[in-house]
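This report refers to the structure that appears directly beneath it.
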Amino acid sequence: MKSLWRYRELLGLLIKREIASRYRGSMMGMLWSLLNPLVMLLIYTFVFRVVFKARWGDSGDSKTEFALVLFIGLLIFNLFTECIQRAPLLIINNMNYVKKVIFPLEILPWVTFCAALFHFAVGLAVWLLLFMVLHGLPHWTVLLLVVMLLPLAGFAIGSAYLLATLGVCCRDTSHIIGILTTVLLFLSPIFYPVSVLPERYQTIVYLNPLTWVVEQSRALLLAGQTPNVSTVLLATAGSVVILWIGFSVFQRFRQVFADAL
């Protein structure tokens, strides 16, 4: 935390550059950050709601209600996976920073997460607009969404530290993570509620850290339900442990990054 505060201006500049670099040279610029989630939402809604005739609880035949539920899960999933998918190549792609002794490498995973958070915010704005068109003003509990994102941030950044370290030593890490994120997509309650699974499989799905965040976020945004305080504290404590472990490993091996590259 001390490092983040000390280099806050540099962190802000790197986040802006990270976001702008993705759309530099494209005709539509940052509009792509809006179009990408919308296109994926339309595709998934068509496939699962129209082709496979999937339903979500008591939403009935409403495709718009299904889209609202689905979109929340996709936003959470994309926020997490965008961070970990880029993590294995984080040090390799910033090789010029590694050889600069004074550069704070520890802020790089935070740059990636904050850039992903920007795209999450754009997608959330689209979701809120759709919700207001269909149902009017959203529940006040939307303000508590940040509480759900805190444990997710700790877990994502802690994992990014570990994967960035592993990616320097093993270049296959990025390919492995690509496969694992696809597996994670279908082991997360994105396209289905956990309640439809047999009880023995529900335990497996709940081992996935995204499951709790996705379900609680839907409860906040759609039903206006407040989260259980003890559960939030437990999840946050767990994410802090993951963050601490990841950062410790990263700091332990950062001295050999230059030699390994």
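Table for the structure above
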{"read-out": "Checklist (1) buried (at least 22 other Cβ atoms within 10 Å of the Cβ); (2) under 22 Å from Ser33 (Cβ atoms); (3) out of contact with any Cys (no Cβ under 7 Å at 6 or more places or on another chain) applied to Phe113, failing item", "value": "(3)"}
{"read-out": "Criterion: at pLDDT 90 or above and buried (at least 21 other Cβ atoms within 10 Å of the Cβ) - qualifying residue of Val168, Val214", "value": "Val214"}
{"read-out": "Filtered residue count, the range 98-110, keeping only those that are farther than 15 Å from Leu243 by Cα, touching a Leu at 6+ places or on another chain (Cβ under 8 Å) and either at pLDDT 90 or above or surrounded by fewer than 16 Cβ atoms within 10 Å (Cβ to Cβ) (or both)", "value": "1"}
{"read-out": "Helices (runs of 4 or more DSSP H) completely within the range 159-261 that count 2 or more residues being in contact (Cβ under 8 Å) with a residue 60 or more places away in the chain and within 30 Å of Leu137 (Cα to Cα)", "value": "209-218, 229-253"}
{"read-out": "Set Pro209, Pro189: member being surrounded by 13 or more Cβ atoms within 10 Å (Cβ to Cβ) and within 30 Å of Ile92 (Cβ to Cβ)", "value": "Pro209"}
{"read-out": "Residue pairs meeting the criteria (Cβ under 9 Å; at least 6 apart or on separate chains; first crowded, with 21+ Cβ neighbours inside 10 Å, in the range 65-92; second among the basic types (Lys, Arg) and outside any helix (DSSP H, G or I))", "value": "Phe66/Arg55; Pro88/Arg171"}
{"read-out": "From Ala258, Ala223, Ala237, residue being more than 15 Å from the chain's Cα centre (by Cα), modelled with pLDDT under 90 and over 30 Å from Asn96 (Cβ atoms)", "value": "Ala223"}
{"read-out": "Any hit, the range 144-151, residues being more than 24 Å from Val39 (Cβ to Cβ) and over 16 Å from the mean Cα position of the chain (by Cα)", "value": "yes"}
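Residue by residue, here is whether (1) at pLDDT 90 or above; (2) charged (D, E, K, R); (3) over 17 Å from Ala164 (Cα atoms) holds:
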{"position": "Leu13", "(1), (2), (3)": "yes, no, yes"}
{"position": "Ala20", "(1), (2), (3)": "no, no, yes"}
{"position": "Asn36", "(1), (2), (3)": "no, no, yes"}
{"position": "Phe46", "(1), (2), (3)": "no, no, yes"}
{"position": "Gln85", "(1), (2), (3)": "yes, no, no"}
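The values are calculated or read from the model by the stated rules, or taken from the named source; none is laboratory data. Fair warning: this is a prediction, and the values are worked out from it, not measured in the lab. Cβ sites come from the backbone with ideal geometry, for glycine too, and all protein chains shown count toward neighbours.
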